[in-house]
1. Could you say which residue among 288, 275 is over 18 Å from the mean Cα position of the chain (by Cα), over 24 Å from residue 154 (Cβ atoms) and buried (at least 23 other Cβ atoms within 10 Å of the Cβ)?
2. Only one of these conditions is not met by residue 290: (1) in a loop (DSSP other than H, G, I, E, B); (2) modelled with pLDDT of 95 or more; (3) more than 22 Å from residue 139 (Cβ to Cβ). Which number is it?
3. Looking at region 68-88, I want the residues that are farther than 13 Å from residue 220 by Cβ and have a partner that is charged (D, E, K, R) and in a helix (DSSP H, G or I) with Cβ atoms under 6 Å, at least 6 apart or on another chain. Which pairs are those?
4. Scan (1) exposed (fewer than 15 other Cβ atoms within 10 Å of the Cβ); (2) without any contact (Cβ under 8 Å) to a residue 60 or more places away in the chain; (3) closer than 30 Å to residue 107 by Cβ for the single condition residue 202 breaks and write down its number.
5. For residue 176, only one of the following conditions fails: (1) surrounded by fewer than 17 Cβ atoms within 10 Å (Cβ to Cβ); (2) assigned to a helix (DSSP H, G or I). What is its number?
6. Any idea which of (1) assigned to a helix (DSSP H, G or I); (2) touching a helix residue (DSSP H, G or I) at 6+ places or on another chain (Cβ under 8 Å); (3) surrounded by fewer than 20 Cβ atoms within 10 Å (Cβ to Cβ) is the one residue 301 doesn't satisfy?
7. Criterion first (hydroxyl-bearing (Ser, Thr, Tyr) and without any contact (Cβ under 8 Å) to a residue 60 or more places away in the chain) does residue 318 satisfy it?
8. Any residue in region 286-302 that's touching a residue at least 40 places away in the same chain (Cβ under 8 Å): show its pairings with residues that are buried (at least 17 other Cβ atoms within 10 Å of the Cβ) and assigned to a loop (DSSP other than H, G, I, E, B) at Cβ separation under 6 Å, as long as the two are six or more apart or on different chains.
Amino acid sequence: MSDSEVHISLQAFGYGSSRKKIGLILLQSFELQVPIRECHQETLLRRYLLQKMNFIPENSILNHLTLLPLAHFYTLIWSLCVYMYAGIGITAGSHRLWAHRAYKAKLPMRALLASMQSAAFQNDIYDWSRDHRVHHKYSETDADPHNAKRGFFFSHVGWLLVRKHPDVTAKGKLLDTNDLLNDPVVHFQRKYYALSVVVFCFAIPTLVPYIFWNENLWNAYFLAGVLRYCCGLNATWLVNSAAHMWGYRPYDKRINPAENICVSLGSMGEGFHNYHHTFPQDYATSEYGWRINLTTFFIDFMAFLGQAYDRKTIDRDTIRRRRDRTGTHT
């Protein structure tokens, strides 16, 4: 297979070879669940990547799990805390605040969310929010970056391993993103994104256990850094894949997105997806408040502190009428 025959965009995996290797780790780990040959015929692609980027140990995520019994208990707690910190950067930050404008936040909260979003390492705020707006506007079409009609593997991670469909790029250019471009926090994070990822996604999560409770550097990096990061990626990806395939549809049975409680558990409230695609302007992405929705609790807590305001909601009568008109009635 020649270079010209391979059209790969690993932009979503960041800047430099280290992020590409992370991409390979994820690609290899998913072979346990979805045979690439059957799903997208990517066997030659995988072989090409391994030849170009050197050998990556098979099933790296599972290898990292073997470190769990060897790590200090505080390291495990710390890893969970960083997981939630980074996750809220995506859910409360790039998703509900910047992509949907479902609420407003003052400068200190926006700066905090930007650091949290960098810890998640899922593209900068601008790129993430723009692509998500395209996803909602053209859901389950070729213009959808992670079109679930192309299968589980593609909507989960495969979309990051190939070039964007031309429709995704074309429709993305038509969107009005001036609100993002004019936000100084978004501009600053985009300018220094590579550095912020090094600091918030890997350096701080690794150094805290190493310095404060003498965790060895290997455990600290691979548990609080790499494994935590990979788990966070998959939590977000499950919203794009599982929550667009499996679950019930009480608000609109005509669309793919579904209510998936398992996805909500890992993504801190993003699994109420039938509701969210029916009422994308609701800051809570659910009619059930804090239930299985840590992100909504966080936003409400920040509102209590005076940092979040103008939280948009949908009144009960509107929800009931929509459920009666287009829901499954089960």
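1. Criteria check complete, one pass: 275.
2. (2)
3. Pairs found: 83/228.
4. Evaluating residue 202 over (1) exposed (fewer than 15 other Cβ atoms within 10 Å of the Cβ); (2) without any contact (Cβ under 8 Å) to a residue 60 or more places away in the chain; (3) closer than 30 Å to residue 107 by Cβ leaves (1) as the failure.
5. (2)
6. It fails just one condition, (2).
7. So residue 318 passes the test.
8. Pairs found: 294/268; 294/269; 295/268; 295/269.
The values are calculated or read from the model by the stated rules, or taken from the named source; none is laboratory data. None of these values were measured; they are calculated from a predicted model. Virtual Cβ from ideal backbone geometry, glycine too; neighbours counted across all protein chains shown.
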